[in-house]
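See below for the structure under consideration.
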Amino acid sequence: MSQPNKMRSTKHKFSRSALFWSALIAAIAIPLLFTAMSPLLAWRSPVYIAACFAGVFSLGLLLLQPLLIGGYMPDLPKHLARRAHPCVGALLLIAVVVHVGGLWITSPPDVIDALTFTSPTPFSNWGVVAMWALFATTFLAIFRRRLQLRARNWSIAHSLLALVIVIGTVVHAILIEGMMETFSKLILCALVFTATMKLIFGLRVWSDWRTSSKR
Amino acid sequence: MSTDQINRRRFITATGAMIATGASGLLLPAHASNLAPTPTMRGGSNNYRPGAPIVERIGGGGFWMSGTVRRTGDGAPLAGQRIQIWAHTTEGYESEPQSHGATLTDENGKFRLEMPQIVPAFGQPHGHLAYDSGEYKTVFLRPVMPSSKDTNLEAHFVLEPA
């Protein structure tokens, strides 16, 4: 009796895992695919197109981050996932630099407006705030040891910055009328937001913080 | 039932008269005495190339940019004013010379210039217009299209003497 039961449970586990991974790949790949089919491609130079793809790619990478660090990925050993998180973070940084750099080459005055918070488009401010929060996270991650940040403080600082990055990026993406297809963009944004919220508000630091501040 | 008809007719004329007087009452002050100048919009001067030539049409056309030019105070239309127009279109970037052109206002202060279809750039489908001829203070506008499928866009100037 026990053997078929066991078999069924591994099969069940396998299908859940397969479902997770295919949904994850679809959530990231479909927006990229739709972007690659955008009619706007015809009127944009390679540099501008590269900048746009770097933006879409960044949004996809943002979905990986909470899943990796939260250990939500089935069949991926937790220590590997934790090690992948800073690597994906570095990729994200490169993608954002390519995004902003490519836009700068395409139209310097528009990027200067965005960086100085004088742009006519509200989404620029959200994107620029997210960018600075990403830079700050990178700085903290690199100098975490030298700054002698305690694990709890690092966790709180990183969580708050991650919140700014995710909210900033999601609002930035939603407000833009660009190469992304609207529906797949909204789905990806919702997933990024939900995964981040689930991770951050499930962290132990908050309950520790609450109990320690009560004392 | 003729009285009913008369009543309805009276009602309609009375309402019509009320709307007409109400609407003109709302509109008149704007024309009357103290029309404020149009402020330059944020990002309006981005990728501006001074001295765009007056053209029949920018590129192949298919899209219409139109508007009016009036002066502050009494709102009188200004004829013969040079308005420069540029945008990211199907034929080029904002920064490229072929995307730029200028036109003059007619005796009613109206202008209209055909240009290639504007496509969304930097997150919004938008155009750029400039009044930069010296007689009045320089104004840069950056109107946004309600839909990127639109094939026309309007922008209106109220200019203040320099």
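The values are calculated or read from the model by the stated rules, or taken from the named source; none is laboratory data. This one's a predicted model, so the numbers in the text were calculated from it and none came from an experiment. Counting neighbours? That spans all protein chains shown, and the Cβs are built from the backbone with ideal geometry, glycine included.
Scanning the range B:46-57 for residues that are out of contact with any His (no Cβ under 6 Å at 6 or more places or on another chain) and more than 8 Å from every other protein chain (Cβ to nearest Cβ) yields B:Y48, B:P50, B:G51, B:P53, B:I54, B:V55, B:E56, B:R57.
If the condition is being part of a strand (DSSP E or B) and polar (S, T, N, Q), then the range B:66-87 contributes B:S66, B:T68, B:Q84.
Look at (1) within 13 Å of the chain's Cα centre (by Cα); (2) without any contact (Cβ under 8 Å) to a residue 12 or more places away in the chain; (3) crowded, with 17+ Cβ neighbours inside 10 Å and you find that A:L67 fails only one, number (2).
Looking at the range A:109-139, which of its residues are at the interface with chain B (Cβ under 9 Å from one of its Cβ atoms) and of a type in the set (F, W, Y)? The one that is at the interface with chain B (Cβ under 9 Å from one of its Cβ atoms) and of a type in the set (F, W, Y): A:F123. Screening the candidates A:I174, A:I187, A:I112, A:I156 for the property of being over 13 Å from the mean Cα position of the chain (by Cα), at pLDDT below 95, hydrophobic (A, V, I, L, M, F, W, C) and in a helix (DSSP H, G or I) yields one hit, A:I156. Taken over the range B:104-162, residues that are among the acidic types (D, E), in contact (Cβ under 8 Å) with a residue 60 or more places away in the chain and assigned to a strand (DSSP E or B) amount to 1. Please verify whether the range B:105-122 includes one or more residues that are polar (S, T, N, Q), more than 10 Å from every other protein chain (Cβ to nearest Cβ) and loosely packed, with under 15 Cβ neighbours inside 10 Å. For the range B:105-122, residues polar (S, T, N, Q), more than 10 Å from every other protein chain (Cβ to nearest Cβ) and loosely packed, with under 15 Cβ neighbours inside 10 Å: present. Mind checking whether some residue in the range A:67-81 is within 11 Å of another protein chain (Cβ to nearest Cβ) and under 27 Å from A:T194 (Cβ atoms)? Within the range A:67-81, not a single residue is within 11 Å of another protein chain (Cβ to nearest Cβ) and under 27 Å from A:T194 (Cβ atoms).
Please tell me if B:A36 is more than 28 Å from B:S148 (Cβ to Cβ), of a type in the set (G, A, S), away from every other protein chain (no Cβ under 14 Å) and touching a Gly at 6+ places or on another chain (Cβ under 7 Å).
no
The set of residues in the range A:15-46 that are within 14 Å of another protein chain (Cβ to nearest Cβ) and surrounded by 12 or more Cβ atoms within 10 Å (Cβ to Cβ) comprises A:T35, A:S38, A:L40, A:L41, A:W43, A:R44, A:S45. Of all residue pairs spaced 6 or more apart or on separate chains, those with beta-carbon atoms under 9 Å, a first member in the range B:72-96 that is within 16 Å of B:F111 (Cβ to Cβ) and in contact (Cβ under 8 Å) with a residue 60 or more places away in the chain and a second member that is among the basic types (K, R) and crowded, with 19+ Cβ neighbours inside 10 Å are B:L78/B:R70; B:L78/B:R71.
The residues listed here are B:R57, B:R82, B:R49; of these, the one that is surrounded by 16 or more Cβ atoms within 10 Å (Cβ to Cβ), at pLDDT 95 or above and touching a strand residue (DSSP E or B) at 6+ places or on another chain (Cβ under 9 Å) is B:R82.
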